[in-house]
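Here is the structure we will look at.
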Amino acid sequence: MTPLPLREELRGLEPYGAPQLDVPVRLNVNENPYPPSPAVVADIERAVAEAARELNRYPDREFVALREALAAYLGHGITPAQVWAANGSNEVMLHLLQAFGGPGRLALSFAPTYSMYPEYARDTHTGWEVGQREEDFTLDPDRAVALVRARRPHVVLLPSPNNPTGTALAPEVVSALCQELDQGLLVVDEAYAEFRRAGTPSALELLPHHPNLVVTRTMSKAFALAGARVGYLAAAPEVCDALRVVRLPYHLSAVTQAVALAALRHADELLGAVDDLRAERDATVDWLRAQGWTVADSDANFALFGTFPDRHAVWQGLLDRGVLVRETGPDGWLRVSIGTGPEMAAFRDALTSVTETTEAAP
Ligand SMILES: *Cc1c(COP(=O)(O)O)cnc(C)c1O
């Protein structure tokens, strides 16, 4: 068979994604372990049934009601014209690179960083480069600004709290990068913002000062709505107008809009579980440290811990005991998502058992 006329740089590539394995305790993709309550499910059912009656029509292309609800949820004086949404913040990020990246342009991040970013760069023909975070996974403002000054990227992508380390960005770093990037955008990916510890600010506070700042969020994590695929951002209205040019027509289905609106009506309840998860996160970090492991400070719903001479053996040992974590981050580290109390107890038991039976003691 003659080879398909596939783009050269895509030949031989495997689709990216964490293993979706059917095991009792799944702590590998930072999902919220609490399913929506019966009251939330009932409201979603009603909303979807209503949307179904008009599914012969295309949805509201401008998703006005959803933008209003998301702006109200974000607060900080953000208006609906400053809000954009798509099928997961992954699609929001793709829209950003379609509009602001492209051939001859450069996107930059600082490692360790989110493993999807280089894929959006590749798919939009945008150049891709990574600098390095410090030993403790923070960003040094002077070193970060120096790299931006040297490379002049069009888009800088920074998760805060960072995935896979859990590290939040200091506001001074955000401001310094926005100032240096006068011809580029700084995208602060706040997928885990709702999990940050008390006193850690959101980059939303800096939006009024920086027209080139974009703050992305998602309903996948804190809102326990990963299956609905809803991500969004807040930025200057001009940024949203640019994204309207590159999006597919009617990209947000009427069903998606209805589900997101129904979930937002229950924001207080859905975010209630976030407090439990933050407490469980802090307890997990404390427990790991008490065992002698090194753990990165986390403002997210996961913890990066290590270091293991053979992390794959530990990952496999945990999996053999029914606990799936993520083999990601710098060499020797593993990432565990924060689950329910019983799930974390299973994780602790499994890790204790694995370290007793392998050479992986701290
Ligand atoms: C989980 C995650 C997202 C969210 O992705 P969705 O497409 O909204 O589900 C975005 N950024 C980072 C860094 C993440 O870890």
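Placing R0 at 45 angstrom, the Cβ-Cβ distance between V23 and E134 gives a FRET efficiency of 0.80 after rounding to 0.05. Could you give me D for segment 278-362, from Stokes-Einstein at 4 °C and 1.567 mPa s, where the hydrodynamic radius is the Kirkwood radius over C-alpha pairs? Units µm² s⁻¹, please. In µm²/s, the coefficient rounds to 103. The H on the amide N of N163, modeled in the peptide plane, is under 5 Å from the matching H of Y114, each at least 5 residues off or on a different chain.
Restricting the calculation to Cα atoms, segment 189-267 shows an Rg/Rh of 0.99 when the hydrodynamic-style radius is the Kirkwood one.
Note on segment 212-347: the C-alpha convex hull projects to 11.1 nm² when averaged across all orientations.
Computing FRET efficiency as 1/(1 + (r/R0)^6) for R61 and T352, where r is the C-beta to C-beta distance and R0 is 51 Å, gives about 0.40.
Legend: calculated FRET efficiency, D282 to A313, from the Cβ-Cβ distance at R0 = 22 Å, rounded to 0.05, equals 0.20.
Other residues with beta-carbon under 13 Å from the beta-carbon of A85 carry, at +1 per Lys or Arg and -1 per Asp or Glu, a net charge of +2.
Fully extending the segment from A72 to H125, taken as 0.36 nm per residue of separation minus the present Cα-Cα distance, adds 15.6 nm.
Size of segment 227-267 from its Cα atoms: along the principal axes, largest to smallest, the extents are 30, 21, 14 Å. Contact order for the chain, expressed relative to its length and based on alpha carbon pairs under 8 Å spaced 6+ residues apart, stands at 22 percent.
Less than 5 angstrom separates the built amide H of A111 from those of G131, Q132, R133, all sequence-distant by 5 or more or on a different chain. Peptides 12-19, 262-269 ranked from most to least packed, by the mean per-residue count of other Cβ atoms within 10 Å: 262-269, 12-19.
Charged neighbours of F305, selected by a Cβ distance under 9 Å, balance to +2 (K, R count +1; D, E count -1). When the charge dipole of the chain is built from unit charges on Cβ atoms (+1 for Lys and Arg, -1 for Asp and Glu) and taken about the Cα centre, the candidate among V145, L13, F195 whose Cα reaches farthest toward its positive end is L13. Temperature 25 °C, viscosity 0.890 mPa s: under these conditions the Stokes-Einstein estimate for segment 115-270, based on its Kirkwood radius over C-alpha pairs, is 145 µm² per second. Report note on the peptides 67-76, 2-11: ranked by the mean count of other C-beta atoms within 10 Å, highest first, their order is 67-76, 2-11. Beta bridges assigned by DSSP with both partners in the chain are antiparallel in approximately 45 percent of cases.
Expressed as a whole percent, the accessible area of the chain that falls on carbon and sulfur atoms is 52 (1.4 Å probe). With Cα atoms as the point set, the radius of gyration and Dmax of the chain evaluate to 20.8, 61 Å. With K and R counted +1 and D and E -1, the other residues having a Cβ less than 13 Å from that of F195 yield a net charge of -3. Here segment 38-267 is assigned +1 on the Cβ of each Lys and Arg and -1 on the Cβ of each Asp and Glu. Its dipole about the Cα centre then comes out at about 420 debye. Across segment 1-125, Cα-Cα pairs farther apart than 24 Å form 57% of the total.
The values are calculated or read from the model by the stated rules, or taken from the named source; none is laboratory data. Remember, predicted model here, so these are calculated numbers, not experimental data. FYI the Cβ positions are ideal-geometry reconstructions off the backbone, even for glycines, and counts take in every protein chain you see. Keep in mind that these areas ignore ligands, DNA and RNA; they rest on the heavy atoms of the full protein, side chains included. Shrake-Rupley method; radii C 1.70, N 1.55, O 1.52, S 1.80 Å.
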